[in-house]
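Sharing a structure with you now.
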Amino acid sequence: MTPLTPEPLRSCTPSRGLTRLTPFSRAPATGRYGEAWHVAASRFPDQQIILQRPADIAPEAGIRHTYGQWVRLVDEVAAGLYAAGVREWDRVAVMKANHPDVQVIGTAAARIGAIPFQLAWNHGGDVAQTLLRRMDRPFLVTDPGRLAVGCLDADTLDSLTRATIVIGGEERPRGTIAFDDLRGARSAPTRLRDWTEPMVATHTSGTTGCPKLALHSAQTLHAIAHVETERWGGLGFRGSDVWAFFDPFFHQHTITALFTLATVGPQFVAISDVPDPGIADLLAEHKPTAVDMLPNMYLALEQLTRDERGLFENV
């Protein structure tokens, strides 16, 4: 029997149910977060993912992956979350250092029917604790750096979360679970949320106060993703594109971007740390045809346009 929707998840604004922009549109292949990497891997198993640095959840795996290899990380994390006690409708706060593996954890939680709440990595104590309190005792997946920034000691975690899973670090607060201890768990059941049910949550920028949590359904995000999957008169994404992606990986836009990967299958060059002197060399090796970043990142990286190797000459 499917559990009743918990109180914190009963408000989710529906979209207008857009299925395609025109009769000739290329619609997103999925709108469900928990199956997005699986759809991508089934359609484009050998396409490349290039990371700026190895994933925090799999540092031994290096920086080069295929879609097919990346989706196995999703299954492994889903199994670990399930072994830690995460079940349908549980809230899973993901607050860790910026990296595409935020999406791995988020999609893994969504795959077993839980609701991932993807939080920025730099929230101070007041904001981090307020957001966790609003989630009504979520599971928390984090790392030592975020625990320090968010002023989350053992007593605070005990009062705000059902359980806390810590990625990396030799020491962790009393009563928390080491992420590495969940490796090798048995496969978890797949329990995707229905099309109009709450599926994933992000948050606003916080420019007018403490960030507000925003719930999204598969229907809502599928409708938004049309903008990126559409061909736009031949100017849309192609499977031959090299997509350099700089946006923070807790952001709502990275979820619709994932639906674009599942639909079109471009090479994905994922930048997680800005600024960083190695970005120029990475872009020189994998010259992008499309670049996605926030305006403040353009300002921080403007000098890259003057690199003699012509980093953006194919964009």
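Which label marks the calculated value of P(r) over Cα pairs in 20 Å bins from 0, in percent, given the options (1) 33, 60, 7, 0; (2) 28, 54, 16, 1; (3) 30, 59, 11, 0?
(1)
Additional query: Simple spin-label model, 7 Å along Cα-to-Cβ: D158 to R238 in nm?
Placing both labels 7 Å beyond Cα along the Cβ direction yields 6.0 nm.
Please say if the range 202-315 is rounded, prolate or oblate, where rounded means a/c under 1.5 for a ≥ b ≥ c the square roots of the C-alpha gyration tensor eigenvalues, and otherwise the choice is prolate for a/b larger than b/c and oblate otherwise?
Numbers: a/c = 2.41, a/b = 1.25, b/c = 1.93.
Oblate.
Taking the Cα centre of each part, how many Å lie between the range 95-120 and the range 31-77?
Computed from Cα coordinates, the inter-centre distance equals 13 Å.
Calculate one ³J(HN,Hα) per residue across the range 257-273 by plugging θ = phi - 60° into the Karplus curve 6.51 cos²θ - 1.76 cosθ + 1.60, and present them in order as whole Hz with x for glycine and proline.
Each residue of the range 257-273 in turn: 4, 4, 5, 5, 4, 5, 8, 10, x, x, 5, 10, 9, 9, 9, 10, 10 Hz.
Moving to a separate point now. What FRET efficiency would be calculated for the residue pair R64, E88, taking the C-beta separation as r and a Förster radius of 41 Å, to the nearest 0.05? All intermediate terms of the calculation are to be shown ahead of the outcome.
Working: r = 35 Å, r/R0 = 0.84.
The computed FRET efficiency comes out at 0.75.
Which FRET efficiency value, to the nearest 0.05, is calculated for V149 and T22 with the Förster distance at 41 angstrom and r the Cβ-Cβ distance? Don't skip to the answer; put the middle values down first.
Numbers: r = 46 Å, r/R0 = 1.12.
My answer for the efficiency is 0.35.
Find the relative contact order for the chain and round it to a whole percent, using C-alpha pairs within less than 8 Å whose residues are 6+ positions apart.
Values: 644 pairs, mean separation 71.8, N = 315.
This gives 23 percent for the chain.
While we're on this one: Could you tell me which residue out of N98, A110, N296 lies farthest along the dipole of the chain toward its positive end? Charges go on the beta carbon: Lys and Arg +1, Asp and Glu -1, centred on the Cα centre.
It is A110.
Assign one of three labels to the range 142-227, namely rounded, prolate or oblate, based on the Cα gyration tensor with a ≥ b ≥ c the square roots of its eigenvalues; rounded applies when a/c is under 1.5, prolate when it is not and a/b is larger than b/c, and oblate otherwise. Present the calculation step by step, with values, prior to reporting the outcome.
On the way: a/c = 2.55, a/b = 1.38, b/c = 1.85.
Oblate, since a/c reaches 1.5 and b/c is not below a/b.
Which value in nm describes the separation of the simple spin-label points at N122 and R309, placed 7 Å from the Cα toward the beta carbon?
The answer from the label model is 2.6 nm.
Report the full-extension gain for the segment D46 to R72: residue separation times 0.36 nm, less the Cα-Cα distance, to one decimal in nm. Show your work: numbers first, answer last.
Values: separation 26, 0.36 × 26 = 9.36 nm, distance 1.32 nm.
Using 0.36 nm per residue and subtracting the Cα-Cα distance, I get 8.0 nm.
Now, a different point. Please return the longest stretch of the chain lacking exposed loop sites, where GluC sites (Glu not before Pro) count only if DSSP places them in a loop and at most 11 other Cβ atoms lie within 10 Å. Mind showing how you got there, number by number?
Values: sites that count: E170, E171, E308, E313.
Result for the longest clean stretch: 1-169.
I've got another one for you. Based solely on its DSSP helices, what 222 nm [θ] is calculated for the chain when runs of n ≥ 4 H residues each add -39,500 (n - 2.57) and the sum is averaged over all residues, nearest 500 deg cm²/dmol? Display every interim value, and only then the final one.
Values: 10 runs with 97 residues, N = 315.
The helix contribution divided over the chain gives -9000 deg cm²/dmol.
What's the longest bit of the chain with no exposed trypsin sites (Lys or Arg not before Pro), using DSSP loop states and at most 10 other Cβ atoms within 10 Å as the test?
Numbers: sites that count: R10, R16, R174, R186.
Longest run free of exposed loop sites: 17-173.
Each value in this text was obtained by applying a stated rule to the coordinates, not by laboratory testing. Every value quoted in this text rests on a predicted model; they were computed, and no experiment measured them. All Cβ positions, even for glycine, are placed from backbone atoms using ideal geometry, and neighbour counts span all protein chains on display.
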